[in-house]
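Reading through the structure tokens given below for one structure.
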Amino acid sequence: MTSRAKPTSSKSVLRWPWLKKRNVDRAVEQQPEDRPEVPTQPMIDALDRGTDAGCSVASNAATQAPWSSEERQLEHPTSSGLEIAQATVSSAGASSSFFTNASNLVVKSLQINAHQHESNSNNPGWERLLQNTAPNALHDSEYRFDPPKCDEDTRVEVTGELMGWIQDRESPQRLLCMTGAAGSGKSALQQTVAEECSGKDILASTFFFSSTDPTRNTVSAVIPTIAYQLGSNNPTLREAISAAVTKDPLIFKKSLKTQMKTLVISPFENLSRAISKTELAALPYAILIDGLDECTNEQRQVELLETIDDCFLQNDALPFRIFISSRPEWAVRSALEVTGYLHHKTYHIQLSDQYDASGDIRRSLSRRLRELGRRSGDPRAQSPSWPSEEDIETLVVNASGQFIYAATAIKFVSERRSSPVDRLRAVITWTPEDRAQPFAALDLLYTNIVSAAKEAYEAAHPEQDFLLLLRVYELLGRGRCTVTRFAPTTVDQILDLEDNAHRWLISDLQSLVTTVDFRGNATSPWPVKLLKFYHKSFIDFLESASRSNSLFVPESRVFEFVTESCIRALDRDDSSASYSVNVFICYFLVGPLADDGSGSPLLEAISHRLPEATKRWEKVEKCVSEESERYQLANPRLFRSIFGTVFAGWLAYLSHALLEHENLDQETYRKIQTSYDKWEQISRSLGGP
């Protein structure tokens, strides 16, 4: 226990318990003669902090040193039942204590239980270990007070699967990796599982990474923190770990694999040889690591995974079961894919794909909002009809199965100085013109992820504009302003990028974007890969200048860029990209011209480039002809409806071409007119104008 006396050591104060305490009694007569017979100031200060008779007070009995500001742990027992019949404390002696302003105070039958500890100063190995741990990373850390965790009736299925795997010690796979989109509730699940494991006495260690906390955003403290927790659970392990550090004080500067073998594996193997199998099986065995993606160095993430593989998964004698959660970023994703070194060794839960959390989000929102209403002074919020089912459903749709949206909304509505009714309405009806910022926390998350991905991508592709390309794939992949959604491989080719360029673009955005199989759409009746944005709120973020700020790219710039790319593609002699060029010319450049309206960003972008595009009318005609033949064979049922629009746009294109050439080249004008007449007949045969 820490004294309030001035510290006598220059070392930092350690404010968390290092060891389970053990009591050993010693009679009063065995105390050294020079030990005071009345409570010393540190003892009184212990009472000043609110402890009662029987509190544990640590001191250094071996050296009789003055009371230190650090937590002290004794190597040898002191009295655990020291009885003081009467102790008179003067007012001067008590002036700064629990007994302030008291005079002639008599303390009767004061018992002081001094628990057996090893003094950090007498155990340099353990002290050095503590200096390299990350207390903030523990599941019950003071720093992580009130951490996110699952409500009692939510995530029941996935929590059951996680706990079932942890407790199934016969399962051959001893590593579980849970990957999921940003905000899908991974940390809340880890916290819930950690507390359940702790309650069952099977929790060996936890480590919660955080990119914003410098004490736990690197892997350097992971193994010392695991070793500390293992040693705290078992005195024999503690002694072995301490001895290992004493033997090699530079162990913390060595590779993770060396640290793991020295501080965890070897001590545990020695322990397992000294105890029975029953005793070994009774030791805590669940090791939980959350947020590996928040470790700032990808290569160190890889090193930690490889260390776990080499030291734990390839050693069948160890009882540990390890649960890691992370966004599906490169280090984890590459290890778990079919060709990855952890693929066959890991039980993989893809949280965002395997579990639809919409039902849990609906229940959580309904319960929490009604709790806010009952506590509110606003009569509208106390009404049984608030919040409405429609409001709840709007929030559930906007959440897209991701808990972080729901948590952000609840936090905003919970503001005590405003009515929850008005705050909820602000969330649901928010527009960029509103002064309120209900999604500020969510926007910060998106900003950090996108900014990091931008930096990494442009370092490898300095000639490319990451933000512009991201918006191109996002808008075209959703079919914004066009009759179809464009597959990312098709976008790669029209932009004249390397094969599968989109994979490199979203490599560091896997927690927000992924690729999914799509069984075909109006223009592609066969299966294709499309981009899937996990969060509707992320798309809203990209489309709002007030939310994405410096990361914002307007639609007009995207459509101008793609229109330029289409025109450049017409001049390229690349037969391998002919399909992609045909698709873009028909559905992006020509089709929208069928719309007589104005104001569309896409139509405006095309109109600006139309004089340049009409000079290539013969190449455009070839694209329309080839794509119409292909589509009619592939999907005759939809040919009339889809190509009716394309043909209408194509006739509008030829009309512009006629105007451009009317006073320039009569021969070209006649050719365009002949082409127009031909396609007009084809369009009429399909029921067009």
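The values are calculated or read from the model by the stated rules, or taken from the named source; none is laboratory data. Not measured: the values here are computed from a predicted model. Reconstructed Cβ throughout: ideal geometry from the backbone, glycine too, with neighbour counts over all protein chains shown. Side chains included, ligands, DNA and RNA excluded: accessible areas come from the protein's heavy atoms. Shrake-Rupley method; radii C 1.70, N 1.55, O 1.52, S 1.80 Å.
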Quiz item: Full extension from Ala281 to His461: what is 0.36 nm times the residue separation minus their Cα-Cα distance, to one decimal in nm?
Solution: 59.6 nm
Self-check item: Where labels lie 7 Å past Cα in the beta-carbon direction, separation of Thr429 and Asp378 in nm
Solution: 1.2
Quiz item: Which percent of the accessible area of segment 229-277 is formed by carbon and sulfur heavy atoms (probe 1.4 angstrom)?
Solution: 54
Quiz item: For Arg416 and Glu298 in the same chain, what is the full-extension length gain: residue separation times 0.36 nm, less their Cα-Cα distance, in nm?
Solution: 38.4 nm
Quiz item: Given labels modelled 7 Å from the Cα in the Cβ direction, how far is it in nm from Gln437 to Glu604?
Solution: 2.7
Quiz item: Zone of Leu468 (label point 7 Å along Cα→Cβ, backbone N under 16 Å): which residues in segment 539-580?
Solution: 551-569
Practice problem: Let me know the charge dipole size of segment 536-673 about its Cα centre in debye, to the nearest 20, where only the beta-carbon of Lys, Arg (+1) and Asp, Glu (-1) is charged. | Solution: 360
Quiz item: Assuming R0 = 22 Å, what is the FRET efficiency of Thr258 and Trp330, from their Cβ-Cβ distance, to the nearest 0.05?
Solution: 0.35
Quiz item: Which value, in debye to the nearest 20, gives the size of the charge dipole of segment 603-646 about its Cα centre, when Lys and Arg are +1 and Asp and Glu are -1 at the Cβ?
Solution: 80
Quiz item: Which value in nm describes the separation of the simple spin-label points at Arg273 and Glu306, placed 7 Å from the Cα toward the beta carbon?
Solution: 2.9
Quiz item: FRET efficiency for Arg363 and Tyr143, Cβ-Cβ distance as r, R0 = 25 Å, nearest 0.05?
Solution: 0.25
Quiz item: In Å², what does the accessible area per residue of segment 381-480 work out to with a 1.4 Å probe?
Solution: 48
Quiz item: Taking a threshold of 25 Å on the Cα-Cα distance, which of the pairs Lys186/Lys277; Lys261/Lys345; Lys622/Lys678; Lys149/Lys257; Lys186/Lys261 fall above it?
Solution: Lys186/Lys277; Lys149/Lys257; Lys186/Lys261
Practice problem: Could you check how much of the accessible area of segment 115-191 is carbon and sulfur, as a whole percent, using a 1.4 Å probe? | Solution: 45
Exercise. Hey, could you get me the Stokes-Einstein D for segment 542-656, Kirkwood radius over alpha-carbon pairs, 37 °C and 0.692 mPa s, rounded to whole µm² s⁻¹?
Key: 218
Quiz item: Roughly speaking, to the nearest percent, how much of segment 444-516's 1.4 Å accessible area is carbon and sulfur?
Solution: 48
Quiz item: Given the C-alpha centroids of segment 167-183 and segment 607-638, what is the distance between them in whole angstrom?
Solution: 51
